[in-house]
Amino acid sequence: MLNMEQHRGSAVRTPINGVPVQKRSKSYRLSYGSCLGAASRFGFTPTLTARRFSTTRRVSKLHNVKEKINADQLALLVKMEWKLSYVTPLYQFRHTKLKSYSRQLSVFITAEKQQGLAVDVDRVQNSYRVSFSLVHGMAGTDDAETVLIQVHSKHMFAKKDEPQKLIWSGWLTCMNGNSDYLGSLPKDFICLPLFGSSGPEDLTSLVQSWFKQNFDCCIGPLEISHTSLQWLAALWTNCHNEDNIQHLKLIWSLPVAPPLQITYTVDPQDAWDLWGSVRKGSGAEKVREEEEPGKIIDIDEVMSFMQGLNSHFYKHFRLDLSSGSLKEVATSLGSAKYNGKIKISNSKYMITTLTLLTEGALLKMPI
Amino acid sequence: MDDFGRRLLQRLVRRTPAQALKATLGKWERLTVAQRQSVDFTQPKVAVMEQLVAIFEENGWTVKHITELEMINYMENANRGMWHAFQMTDPKDDANAVEMMQFKEQFKSHLSELVRHVSVKIKKHTDEALWIRIAWGDSYSPPNHLKPTYVVHHLQTPYVFVTSLNSKQKPFLVQALILSTGYQGIKDANLSGQKLTAIRDLLMKQYQQIFPSKYNSPLTEKNETVSNPHIEREQSEHASKRLQMACEAFGDGIVPQLQTAVYKLETKFRGDANTNRTMTKREGPFRCLVKFASTNLLESFRECASSGIASTPVSPLLSSITLKGRNYFVVTENGLPSSQT
């Protein structure tokens, strides 16, 4: 079950002043997939693509998220489009040491940026200011608290009294992570598998390499899979009676030369009606689950919904959408792209969306 | 040269690649050979600009001459902006007898009657198309040469192609066109694209078409080493039939390069009646907008059909693009597809 592996952190390129780089020869990683092995409580699922994904989802709307989370932090989270990555568990990461991490990362970025530049040293040292902060009020029962990272900087030729501007932001979160997996991690590991970043890519890779060096983790790009996109289409449509989704937009790409892109935009009310017609309603199943009807969404319902949309399309154009791939889903509540970019425009549904993405990140971690 | 002239010339120079600019100047009869050769196109644009300004000032050329140059440039590089097609309707008896001089004169005089300040330039292109450049003004302001409308019309055809026209100007253009061509009406042809040549070829059916025929093209000899010749034959028959149908619907060889096709569907839900009875029985339309996009849409569709991603025979909605020369459709329950004009 446990995976011992040689340390890969040979990415130390520059001598970094004042950054205690803890070099270890061994790293410890537990595979999420193996944890959910034979004893998995997730049963057999009908579609191949969804084999390892949750087959049911509770629609947990945290309506009071606005009251719980700091307004500025929340505003930042819903304002940006985030590029996602997965992160393996962080070794010896302490939520109590954020202040010192801020200082270390500032120095690290400054040192890296300084390479090959002949500039005034005093000035350069002030040019990047990093702040780590906790985002309270988001985590589920077993989850580690979300961490927000912001990088402020001044333009190279800015005036002395000009304030520093926010040039990069990112966060690490775990939203309702699988409790079996989280519980199985040794004490020294903190699991924040979902990493979102917004800003210049060179800064993203600097922040990531700092994490890799200091917490002995692996970080890699996280795509939003075909199945996740279908889930989001259904989850967002499911919100239409509370918040108008304006439209349900699905972008498909068909593998022909030259590639054919199809944008399928459905009227919100009609999408909602179709969604209502594939919902299993208050049948015997729901009673057995002892849940309020409508609170649990099953993957069968998601698949029927997509099937309905596809067959309506096929009846008109005699073109099979399932031979292509879903690239993007968007409503007024947010947008998600296959290349791992997500925008959550409405804070009410942030928790549901992040839960889905956390699961995707845990699955993407190398076994 | 005044400030405005400088701005206009600067914009033209900045927007055109050096080689295209050289070609444009080469086509302009006003320049002497010596003047033409004196401009060094390997320099940065700023320097080229200064050389041109010097030539213009030396000759006392003004905005009028710059617009001339701009027009030549546009005619040579027509594949930019968004072109919309219009079709004139109800020809009078003399519609086919209109000739160039008559049209030129009439169009100019009609348009200047309708709009107080307007500047019109008409030029004949090598392919017999008439190019019209219109700079619009109104009662209070002079013609705006920074935002000209370009109109392309082939005499003796009902087709007109327009770029950069706003809704306020449209009625004046329509009126002037009708009065000077011998047609009585004009309608939106529901066809638009970045390539003027493509939408023109599609409307005028100037591309290689394949017509349905009873006889399939003879099969090419097949390699005999296949394990089961019957299966192989049947498969290749299917494949060639699909290809035939794909070419019938979307053309053969090089097809007009369209970028998009848009369908506004207002039809009843047509899902699977067995699995989704509630929706198929529902009153009212299932409203959605479908947009297809590709660098060469007809080629993509042709491959969809020949590879089997699209079932054959091709959906009438898709084959309507070439059949009717349109790429915008509103599809309602009665009569597919209908149009909104």
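For the range A:293-336, a reduction of at least 30 Å² in accessible area between the chain on its own and the assembled protein chains (probe 1.4 Å) is found at A:HIS312, A:LYS315, A:HIS316, A:PHE317, A:ARG318, A:LEU319. Legend: mean number of C-beta atoms from other chains within 10 angstrom of residue C-beta atoms, peptide A:262-273, equals 5.
With a Förster radius of 56 Å applied to the C-beta separation of A:THR96 and B:ARG6, the computed FRET efficiency comes to 0.30. Between B:LEU289 and B:GLU58, what FRET efficiency comes out of the Förster formula 1/(1 + (r/R0)^6) with R0 = 51 Å and r the beta carbon distance, rounded to 0.05? Efficiency, from the Cβ-Cβ distance: 0.40. The Cβ shell under 15 Å around A:SER325 holds other residues with a net charge of -1, Lys and Arg each +1, Asp and Glu each -1.
Solvent-accessible area assigned to carbon and sulfur over the protein assembly as shown amounts to 51 percent, based on a 1.4 Å probe. Put a plus charge on the Cβ of each Lys and Arg, a minus charge on the Cβ of each Asp and Glu, and nothing anywhere else: the dipole of chain B about its Cα centre is then about 900 debye.
Using a simple spin-label model with pseudo-atoms 7 Å out from Cα toward Cβ, B:ALA23 and B:THR278 lie 6.0 nm apart.
Report the accessible surface area buried between chains B and A, summing both sides, using a 1.4 Å probe on protein heavy atoms only, in Å² rounded to the nearest 100. Numbers along the way, then the final one.
Numbers: alone 19340 and 18280 Å², together 34670 Å².
Buried surface at the B/A interface: approximately 3000 Å².
Please give the residues of the range B:294-319, grouped as numeric ranges, whose backbone N is less than 14 Å from a label point set 7 Å along the Cα-to-Cβ vector of B:SER240. Those under the cut-off are none; the list is empty. Taking all protein chains together and rolling a 1.4 Å probe, B:VAL53 ends up with roughly 10 Å² accessible. Accessible surface calculations at 1.4 Å, restricted to protein heavy atoms, place the protein assembly as shown at 49 Å² per residue.
Neighbours of B:ARG287, meaning other residues whose beta-carbon lies under 10 angstrom from its beta-carbon, give a summed charge of -2 when Lys and Arg score +1 and Asp and Glu score -1. Taking each DSSP H run with n ≥ 4 as -39500 (n - 2.57) and averaging over every residue of chain B yields -12500 deg cm²/dmol at 222 nm.
Using only alpha carbon positions, build the gyration tensor of chain B, then give the equivalent ellipsoid semi-axes as the square roots of 5 times its eigenvalues, largest first, whole angstrom.
In descending order, the three semi-axes are 46, 27, 19 Å.
Could you give the longest part of chain B that holds none of the chymotrypsin sites (Phe, Trp or Tyr not before Pro) found in DSSP loops with at most 12 neighbouring Cβ atoms within 10 Å? The reported range is B:1-139. Taking 18 Å as the straight-line reach from the Cα of B:LYS121, the aspartates and glutamates in range (excluding those fewer than 8 positions away in the same chain) are B:GLU29, B:GLU68, B:GLU70, B:GLU76, B:GLU99, B:GLU105, B:GLU113, B:ASP138. Residues whose amide H falls under 5 Å from that of B:SER164, counting only those 5 or more places apart or on a different chain, are B:MET82, with hydrogens built in the peptide plane. Note on the range B:112-188 and the range A:195-251: Cα centroid distance 49 Å, given to the nearest whole angstrom. Across the range B:263-272, coupling constants 3J(HN,Hα) worked out from phi with the 6.51/-1.76/1.60 Karplus curve, θ = phi - 60°, read 10, 9, 8, 10, 10, 5, 4, 10, x, 6 Hz, and Gly and Pro carry x.
Counting, for every residue in B:292-303, the Cβ atoms of other protein chains within 10 Å of its Cβ and taking the mean gives 5. Strictly greater than 19 Å: what percent of every Cα pair in the range A:226-338 meets that? So the portion of pairs separated by more than 19 Å is 46 percent.
The values are calculated or read from the model by the stated rules, or taken from the named source; none is laboratory data. Not measured: the values here are computed from a predicted model. Quick reminder, even Gly has a Cβ in these numbers, built from the backbone with ideal geometry, and neighbours come from all protein chains shown. Each accessible area value is taken on the protein alone, full model and side chains, heavy atoms only, with ligands, DNA and RNA left out. Shrake-Rupley method; radii C 1.70, N 1.55, O 1.52, S 1.80 Å.
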